[in-house]
Amino acid sequence: MLLKFTKMHGLGNDFVVVDAVSRKVFFNKQQIERLSDRNWGIGFDQLLVVEPPTDPDMDFRYRIYNSDGSEVEHCGNGARCFAKFVLDRELTNKRIINVETKRGSIQLRVLDAGLVTVDMGSPSFEPQDLPFTADPCNGLYSIMAGDTEYFMTPVSVGNPHAVIKVDQLLDEEVTRVGALIECHERFPRKVNVGFMQVISPDEINLRVYERGVGETQACGTGACAAVVAGIKQGWLSPKVTAHLRGGDLHIEWQGEGTPILMTGPAEKVFEGQIYL
Ligand SMILES: N[C@H](CCC[C@H](N)C(=O)O)C(=O)O
């Protein structure tokens, strides 16, 4: 089967996007792993499959697969690329797009200058929503990574995140500790691990070791998780600029029960086709 795709990225977090509205397409785990391989396939962090909605009130459904083939609930950078994709392909002419995802519905607002604001839904700090098992100590959770104890804030943004506040962002720590916590026994469905350096109440540096991928150039849900964790812990203000390796995201959260708003770019790199 000849598969047509579009290669895109949000701040260097890269995607292969497939139109399954015009023609149904299904992928098995082995196909996704092969396509994601940067030597043997196309190469991507996530595969995004755009489908017709199952809910008549929605415009589309889109499914998200990590490079290891696991299907996940939410992808912030992917949502912005999804919006650009459906407009570029004239699958819609709406600038406010309602989308079904595995975590529920999200709303995308396409702005000028190639920016998209995503209503990411409300976060949850309840461990059972990640899921995560542990006893808190004053709102932080201790976890051992190797022989070192880390204190983190577990946050669900529809997908699970563990946010660790650090004084410095060190390559070795992100890689080693990220891998250890991603697969820690206390996270039965694994977890995305964010390393957050607070510069000021409205500015952070952030690196994310993503579940099912490894460290990426940027993570939209990770930026949302880090900001809401920082606000909950009293370190951050309601509007924050998150500096990721690939660029900046603007995150806003007004507190419990309100949605997180994320604004950032989406770019198309090339179109291609490949035999599955
Ligand atoms: N690795 C994530 C999914 C992609 C998230 C990230 N690419 C984003 O922009 O939010 C997970 O397993 O939950």
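The values are calculated or read from the model by the stated rules, or taken from the named source; none is laboratory data. Because the structure is a prediction, the values reported are computed rather than measured. Quick reminder, even Gly has a Cβ in these numbers, built from the backbone with ideal geometry, and neighbours come from all protein chains shown. Just so you know, the surface numbers come from the protein's heavy atoms only, side chains and all, with ligands and any DNA or RNA stripped out. Shrake-Rupley method; radii C 1.70, N 1.55, O 1.52, S 1.80 Å.
Couple of notes before you dig in:
- Fully extended contour minus Cα-Cα distance, from residue 248 to residue 134, at 0.36 nm per residue: 37.8 nm
- DSSP beta bridges in the range 127-258 [antiparallel fraction, %, rounded to 5]: 75
- Between helix 171-182 and the chain there is an angle of about 80 degrees, using the helix long axis and the longest principal axis of the Cα atoms.
- Solvent-accessible surface of the chain, averaged per residue with a 1.4 angstrom probe and all protein chains in place: 44 square angstrom.
- For the range 127-258, the relative contact order comes to 19 percent (Cα pairs under 8 Å, sequence separation of at least 6).
- Counted charge near residue 174, where neighbours are those whose Cβ lies closer than 12 Å (Asp, Glu -1; Lys, Arg +1): -3
- Only helices enter this figure: runs of n ≥ 4 DSSP H residues, each worth -39500 (n - 2.57), summed and divided by the residues of the chain, yield -5000 deg cm²/dmol at 222 nm to the nearest 500.
- Accessible surface of the chain, 1.4 Å probe: 47 percent of it comes from carbon and sulfur atoms.
- Length available on full extension from residue 30 to residue 199: 0.36 nm per residue minus the Cα-Cα distance, which gives 56.7 nm.
- Relative contact order of the chain: 21 percent, from C-alpha pairs under 8 Å at least 6 residues apart in sequence.
- Euclidean distance between Cα centres, the range 42-116 to the range 227-258, Å: 22
- Rg and Dmax of the chain, both derived from C-alpha coordinates alone, stand at 17.9, 55 Å.
- One Cα centroid belongs to the range 152-218, the other to the range 1-16; the line between them spans 24 Å.
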